[in-house]
Amino acid sequence: MIFKFNVHLSMKRKSRQILAFSISLFLFTSSLLAQQVAVLHYNGGGDWYANPTALPNLVSFCNFNISTAIDEKVEEVEPNSSDLFQYPYIHATGHGNILFDDNEVSLLRDYLNAGGFLHIDDNYGMKKFVFREVKKLFPNKEFVEVGTDHKIFDGVYSFPKGLPKIHEHDGKRPQALGIFLEGRLALLFTVESDLGDGWEDKEVHNDSKEVRTAALKMGANIINYAFSN
């Protein structure tokens, strides 16, 4: 009787998992028609709200230059919310600590496995925290450098040398680090580049037109990949 009871519980758990995944996939597929993006409002004390003009400017650039139809109202989404599945692309940035609890880890993992795309752009100071938290999401995976032959570097715009350097951090070369799920780039971590600063209003950092254009074009490639894959 104990064996039968345990089997019954196992079947119920599996049924709930299948149902939850089916609902998640339905929500995410439906959201493709809405074409919205969001900023991740994470916990841990880091300034998740940094670069407030960055994503709205990138959306406007994409809509004007690569014929996307993304809602120009950028939303905020918390990692413990099922609203994650409304957004094919979610952006996170900041300068400090980022922390996911068990429920957030589970939801974010489901989101990414269901086809979602998370882009974390280090505004400086996030790297050690991102590495720690992503290990919670995918304990058996490691970040790998995304090669310059990947679609994010040869999509709408060509970047044969990889990520553009927008702002200096530690004097190191910019890197695109990724987590791949069944061959699809699902989580992108851009470091030593600071793309988000290049997306902001010109007067925020006084970057040249060439630098800002490079950042926006790179961002457009990432958006294009997220919505296409």
Quiz item: Out of the residues in segment 155-170 that are of a type in the set (D, E, K, R) and without any contact (Cβ under 8 Å) to a residue 24 or more places away in the chain, which is nearest to residue 49 (Cα to Cα)?
Solution: 168
Quiz item: Can you find even one residue in segment 200-218 that is open to solvent by less than 70 Å² (accessible area, probe 1.4 Å), of a type outside the set (Lys, Arg), modelled with pLDDT of 95 or more and over 21 Å from residue 61 (Cβ atoms)?
Solution: no
Quiz item: Going by the structure shown, is residue 145 surrounded by fewer than 12 Cβ atoms within 10 Å (Cβ to Cβ) and within 17 Å of the chain's Cα centre (by Cα)?
Solution: yes
Quiz item: Restricting the first residue to segment 87-112 and requiring it to be without any contact (Cβ under 8 Å) to a residue 24 or more places away in the chain, which pairs with a second residue that is outside any helix (DSSP H, G or I) meet a Cβ separation below 6 Å and a spacing of at least six or different chains?
Solution: 103/80
Quiz prompt | Contacts under 8 angstrom Cβ, first residue in segment 124-144 being without any contact (Cβ under 8 Å) to a residue 60 or more places away in the chain, partner among the acidic types (Asp, Glu), 6 or more apart | solution = 130/122
Quiz item: Within segment 84-103, which residues are at pLDDT 95 or above and loosely packed, with under 15 Cβ neighbours inside 10 Å?
Solution: 101, 102, 103
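Here is a yes/no grid of residues against (1) farther than 22 Å from residue 117 by Cβ; (2) at pLDDT 95 or above:
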{"position": "1", "(1), (2)": "yes, no"}
{"position": "23", "(1), (2)": "no, no"}
{"position": "31", "(1), (2)": "no, no"}
{"position": "38", "(1), (2)": "no, yes"}
{"position": "81", "(1), (2)": "no, yes"}
Quiz item: Can you find even one residue in segment 102-119 that is touching a strand residue (DSSP E or B) at 6+ places or on another chain (Cβ under 8 Å), closer than 30 Å to residue 173 by Cα and of a type in the set (D, E, K, R)?
Solution: no
Quiz item: Counting residues that are β-branched (Val, Ile, Thr), which strands (runs of 3 or more DSSP E) fully inside segment 27-145 reach at least 2?
Solution: 37-40, 89-94
Quiz item: Residues that are among the aliphatic types (A, V, I, L, M) and touching a residue at least 60 places away in the same chain (Cβ under 8 Å): which helices (runs of 4 or more DSSP H) entirely in segment 171-229 hold 2 or more of them?
Solution: 209-228
Quiz item: Which one of 179, 152, 166 is touching a helix residue (DSSP H, G or I) at 6+ places or on another chain (Cβ under 8 Å), open to solvent by less than 10 Å² (accessible area, probe 1.4 Å), among the hydrophobic types (A, V, I, L, M, F, W, C) and within 25 Å of residue 65 (Cα to Cα)?
Solution: 152
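Being farther than 14 Å from residue 77 by Cα and either modelled with pLDDT under 95 or among the hydrophobic types (A, V, I, L, M, F, W, C) (or both) narrows it down to one residue among 118, 112, 108; which is it? Step through it out loud before you land on a result.
On the way: 118 fails: farther than 14 Å from residue 77 by Cα; 108 fails: farther than 14 Å from residue 77 by Cα.
Just a single option satisfies the conditions, and that option is 112.
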Quiz item: Has segment 118-134 got at least one residue that is surrounded by fewer than 18 Cβ atoms within 10 Å (Cβ to Cβ) and under 15 Å from the mean Cα position of the chain (by Cα)?
Solution: yes
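The values are calculated or read from the model by the stated rules, or taken from the named source; none is laboratory data. Keep in mind that what you see is a predicted model, and the values were worked out from it rather than measured. Methodologically, a virtual Cβ is constructed for each residue, glycine included, from the backbone with ideal geometry; neighbour enumeration extends over all protein chains shown. Quick note on the areas: whole protein, heavy atoms, side chains included, nothing else; ligands and nucleic acids left out. Shrake-Rupley method; radii C 1.70, N 1.55, O 1.52, S 1.80 Å.
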